[in-house]
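The values are calculated or read from the model by the stated rules, or taken from the named source; none is laboratory data. Note that the structure is a prediction, hence the values are computed from the model and not measured. We place every Cβ from the backbone using ideal geometry, glycine too, and count neighbours over all the protein chains shown.
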Amino acid sequence: MLENRLVPNINIFSNLSSSMPIDEFSQKGFGISSMKESNGSDFKTVLSGLVSNINSEIEKPDQLLNQQMMGNSEVDIHDVMTAIAKADLGITLATQVTSKVVSAYNTVMNISI
């Protein structure tokens, strides 16, 4: 059970077509699973789901650090550091997705009809 807590829970490949090979490690889930469940939803719903998932990932290190400082023996400093790394990964992913969406929007707006 210890190795499951140390492995980041990343699932950025969950929305790919089934024809693409996806290994077992990439199916562990980071919180982007709302994209998979949102078939038929609009872009606003998908984006707000991603933001709420990233927001919850950002709050986890603070909660774990508070528990660790209060003397909770179940929370290790390594868990806190792993949660910080996951939050950093989420912020980086959100920043890159945002810049790609803005770039795509600017490209579409520059198309002359």
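Each residue in segment 33-71 was checked for being farther than 20 Å from THR98 by Cα and either at pLDDT 85 or above or in a helix (DSSP H, G or I) (or both), and 14 pass.
Counting only residues that are in contact with a helix residue (DSSP H, G or I) (Cβ under 8 Å, 6 or more places away or on another chain) and part of a helix (DSSP H, G or I), segment 72-85 holds 7 of them.
Considering segment 64-97, and only residues there that are of a type in the set (S, T, N, Q) and loosely packed, with under 13 Cβ neighbours inside 10 Å, the residue that is farthest from PHE43 (Cα to Cα) turns out to be SER73.
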